[in-house]
Every structure is written in C-alpha cells, then in structure tokens.
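Below is one structure; the comments refer to it alone.
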Amino acid sequence: MTLFKTMLSKLGRKTIDSLWTLGVASTFIFRVIARSSIVIRRPNLLVAEMHFAGVLSLVIIIVSGLFVGLVLGLQGYETLKRYGSTGAVGTLVALSLVRELGPVVSALLFASRAGSAITAEIGIMKTTEQLSAMEMMAVDPYARVIAPMFWGGVLSMPLLAAIFSAMGIIGGYLITVVVIGVDSGAFWSQMQASVDFHHDILNGVIKSVVFGTAVSAISVYEGYASVPTAEGVSKAVTRTVVTSALAVLALDFVLTAFMFTGAH
Amino acid sequence: MERSVIDLWVGIFVALGIAALLFLALKAGNVDSIIKSEGYLVSAEFDNIGGLKAKAPVKSAGVIVGRVDNVSFSNQSLRAVVKLNLDKQFQFPKDSSASILTSGLLGDQFVGIDPGGALENLQDGDRVRITQSAIVLEKVIGQFLYGKMSEKNGD
C-alpha cells in the first residue's frame, strides 16, 4: 500500500514538475516576444543573428537538399518505371519536397546546426555570468541577446526551407532528366499541373514558419534554463536537439492532418 | 567579422530565399493558380458521378476550361448536382452537354463539355440540361456477363 502511495505521489510530482516547466518556458517566451521591439530599433542585431542562424546553415541546407532531391528522383523513377509513368516523377519530387521534406528536414538540420549553437551560446553566457553582468550594467539580456536570436531563427527558417525545396527539385531534375533521360517537358508540365500555389507551396511555408518558431523558442529557452556548468550546458544542447526533433515531427503530423486531408 | 560583410551575406541569403520561393511558385507550381481568374458557376445534374471529386478539371476538346466547384445530392430530383466553375474567357452555347469521363483506364475522372449549337451562351447560375453519367466499370462488366449468360441460355 505504501509502495502504491509513493508511486502515485511520484507520478503527481512528475506531472506538477512538467507543468511547471511548461509554464516557465511559456512565460519566458512571452517575455522574449515582449522585448522584440529591439529588433526594429536595432536591426543590425537581427542581421547578425540571421547571419549566424541562416547564412552559416546555407551550405548544409543546399547540399542536403540537393542529395534528398537526387535520391527522391532516383527512387521515384525506379518505382514509376514499373507503371510506365516516369513523367510523373517531377510531381512526386516536387510534392513530397514542398509539402513535407522541405520544411521537416530543413527544420531538423536547422535544429542541429543553428539551434544547438544558440543554446550553447546562451548557456555559456549564463555560465560565465555574462547575462548577470549585463543586468548589472542595466542592459536587458532578453532584449540585447535573446530576442534577436529568437527572431533571427524565426525569419531564417522559412527561407532555408524554400532553398531546401528548390535545391531538391533541381536535384530531382538533374538525376531524372539530365542523367536518366526522362522527358524534360513532361517533368515540368506534370509538376506544374499538380503543384498548387495556395494548397501546396503556401502550406509548406506556413509549416516552416511554425517549425522555425518552435525550434528557436526551444533553443533559446534551453540555453537560458541550462544549469550553469559545463555538464549542464552540454545536457541543454542535447535536450535542444532531441526536443526540437520531436516537436517538429509531432507538429508536422498535426499540421498535415489539418492541411492535406479532406477534399482534394 | 566586419559589419558590411555580414550585411552582404545576409542580403545574399535573403535574396536566395526569395529566389527559391519564386522558383517554387513560378517553375514548380502552377502560375495560373496564383491569380484566381474570374469564373462563372454552372450546374449540371447526373444520375451517377462515379468517383468525381471537387477540384477535378473540366475539359472541352481536351483543354482545361474550369474546375469542379463542389458535388452535392439533390433531394428533389434524387440525382447528383455538380457545380462547375468555368473560366470567364471560355464561353459555351446554352445547349452544350456535360459528361463524366475518365482519363485513361484507371485515371482520375473529369467533366467533359461538348459545345452545342445554340446562339446564346451559358450564364452564371445556368444549368446544363444534357448530361451523361460516369461509366461504372462494375456495371458494364455485369451487363456484359449477364448478356453472355442469356445468350448461352438462349441456345
């Protein structure tokens, strides 16, 4: 009986703790958003963070996008060949990239490339008491450091996802049309016939904005909430990548269920 | 890094991102779908629409002239009512007929319009009088088998 009681109270403790964390994280994010006016007052801070989160992620995004497109084109061609409709490979590559792979894979790459770096930077600033020093000098660290990082991530993510999808389509074009020899006209015209601007491209952009917001919010929060030791920062970085990946995949399911079901 | 270098790189990044979006919208996507062209609604009643769905193309002479707006069921006539959204630039005579066709043997279904000879054109809200239902493969096969069997019994 006592064992049962302790187990129940452990469960209760866990629930309260996780709700507490959720509350702390939400108030933290609201505080960051409330300090966002600095992004307009001092745009050079935002530009620096977009350089950090966006420009430095360009290489990995371009290369992975290209390879994902190459693989999709190759696999799609091999499967469609059996049904004699290899012209549809353009549709397959474009739809899977624009709707799913573009936003999701670039968000995962973004979390591991930029999100982890954001967490590490804020965590080390906290460990070395730079954040406290700023407060001593009456500089608000939320406004000076965290808000620009958050918005830099939010703004970079849709651009990265679009670049990823575009590179993927180019990769699919290269492998199927240039290398294998699928008809170029069929490739593009079938793609254009089935990719709808509102239904597919705009929904993909909405997805990438949501993912960018989620990943950036998780990254800055984990950095700020990290235990100020070397081990604490390393754990925070790991948590950023794991939580971001889970959040992106779960959100993707929810968004897909709303966007791409029903009449079409 | 120097401020101007960072500015330049972020500028390149944003330009690349916008270029990628434009590429997706213009090259991969359907340019026509961005600008929703003005259309007019015409309804048609069918005995059986088979697997026709909203957004299916409406074709005349093989050219896409519109999309199926929605599919519903009429309680009065007990038939399927299909609303067709036709592009304003394509006008059809009032006595045109609509039929539900299939692209290829197993392809998607679409609505085909055969122009008639009337002098007046179809207007917004008009109804297409002459319609031909979808061919349901099961029914055709069933009739064929039934015909074969009665043929044998007749011998």
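The values are calculated or read from the model by the stated rules, or taken from the named source; none is laboratory data. A quick note: this is a predicted structure, and the numbers were derived from the prediction, not measured. Counting neighbours? That spans all protein chains shown, and the Cβs are built from the backbone with ideal geometry, glycine included. Calculation scope for accessible area: heavy atoms of the full protein, side chains included, ligands and nucleic acids excluded. Shrake-Rupley method; radii C 1.70, N 1.55, O 1.52, S 1.80 Å.
Points to keep in mind about this one:
- Residues whose amide H lies under 5 Å from that of residue B:59, counting only those 5 or more places away or on a different chain, are B:65, B:111, B:112, B:113; hydrogens are built 1.01 Å from N in the peptide plane.
- When only Cα pairs below 8 angstrom with a gap of at least 6 residues are kept, chain B shows a relative contact order of 24 percent.
- Spin-label model, residue B:127 to residue A:85: label points 7 Å out along the Cα-to-beta-carbon direction sit 3.5 nm apart.
- In this structure the protein assembly as shown gives 54 Å² per residue of accessible area when probed at 1.4 Å with all protein chains present.
- Working note: Cα gyration tensor of region A:1-80, eigenvalues times five, square-rooted, sorted largest first, giving semi-axes of 42, 31, 9 Å.
- Per-residue HN-Hα couplings for region B:116-128 [Karplus 6.51, -1.76, 1.60; θ = phi - 60°; Hz; x = Gly/Pro]: x, x, 5, 7, 7, 9, 5, 10, 4, x, 6, 10, 7
- Acute angle (nearest 10 degrees) that the helix A:184-194 long axis makes with the longest principal axis of chain A, alpha-carbon atoms: 60
- Each Lys and Arg contributes +1 and each Asp and Glu -1, all at the Cβ; summed about the Cα centre of the protein assembly as shown, the dipole is approximately 960 debye.
- Evaluated over chain B, the count of Lys pairs having alpha-carbon atoms less than 16 Å apart is 8 (only pairs 8 or more residues apart or interchain).
- For residue B:39, the residues 5 or more places off, or on other chains, whose built amide H falls under 5 Å of its own are B:88.
- Whole-percent pair-distance distribution, where bins are 10 Å wide, for the alpha carbons of chain B: 9, 28, 23, 15, 11, 8, 4, 1, 1, 0
- Globularity index of the protein assembly as shown, i.e. its alpha-carbon radius of gyration over 2.2 N^0.38 Å: 1.31
- For the pair B and A, the buried accessible area comes to roughly 2400 Å² in total, with a 1.4 Å probe and the value rounded to the nearest 100.
- Residue of B:50, B:62, B:142 that the Gaussian network model of chain B assigns the largest fluctuation, springs spanning Cα pairs under 10 Å: B:142
- Residue A:182 long-range amide H proximity, modeled H, under 5 Å: A:177
- Taken one residue at a time, the phi angles of region A:170-177 give Karplus couplings (6.51, -1.76, 1.60, θ = phi - 60°) of 5, x, x, 4, 4, 6, 7, 7 Hz. Gly and Pro are set to x.
- Note on residue A:178: accessible area approximately 90 square angstrom, rounded to 10, probe 1.4 Å, nucleic acids and ligands left out.
- The figure for residue A:140 is an accessible area of roughly 50 square angstrom, using a 1.4 Å probe on the protein chains alone.
- Folded to 0 to 90 degrees: helix B:3-23 orientation relative to chain B principal axis, Cα: 10
- Across chain A, C-alpha contacts under 8 Å between residues 6 or more apart give a mean separation that, scaled by the residue count, equals a relative contact order of 31 percent.
- Integer Hz, Karplus 6.51/-1.76/1.60 couplings in order for region A:21-28, x for Gly and Pro: 4, 4, x, 4, 4, 5, 4, 4
- In degrees, nearest ten, helix B:137-154 long axis to first principal axis of chain B (Cα): 20
- Largest-first ordering by accessible area, 1.4 Å probe, given options A:197, B:144: B:144, A:197
- Of the three principal axes defined by the Cα atoms of region A:18-124, the extents in descending order read 57, 36, 26 Å.
- In this entry, region A:43-256 is assigned a mean projected area of 12.9 nm², taken as a quarter of its C-alpha convex hull surface.
- Note on region A:43-256: with neighbouring protein chains present and a 1.4 Å probe, carbon and sulfur make up 71 percent of its accessible heavy-atom surface.
- Accessible surface for residue A:144 stands near 90 Å², nearest 10, in the context of the full protein assembly shown (1.4 Å probe).
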